[in-house]
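Read through the structure below, which is laid out as structure tokens, and then see the notes.
No value in this document is a laboratory result; all are computed from the given coordinates. These numbers come from a predicted model, not from an experiment.
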Amino acid sequence: MRDPGSEHCGRRPSLAGCGKAAAAFPRASTAHGDIPIAAVELHEASMVGAEELLLRARELLGVRAPRKIIVLDSLPRNLAGKVAKRELVDLFVENK
């Protein structure tokens, strides 16, 4: 399954080729249910920040856009090289 965040990265010239990898994960909220959060690993030469990525995500995805985007130097990966979402949840979601 394609990641919508990385798929939309290339549609805006300033965002073209900005992301190496991205992963979305939920933060539980008793008031709002699951709140989407995204972690992004950018290319070294990328000049894009989390704010611009968040604005673009809101333009493209509307209410389905992540409420927060975290830019990391590298995403945690498992032995197969896939993004380890459980580790992201452990790092960024409090009160699990």
Check your understanding: Length gain on complete extension for the stretch residue 20 to residue 59, per 0.36 nm per residue less the alpha carbon to alpha carbon distance?
Key -> 11.9 nm
Review point. So who's got an amide H within less than 5 Å of the one on residue 68, skipping anything under 5 residues away but keeping other chains? H placed 1.01 Å off N, in plane.
Key: 38
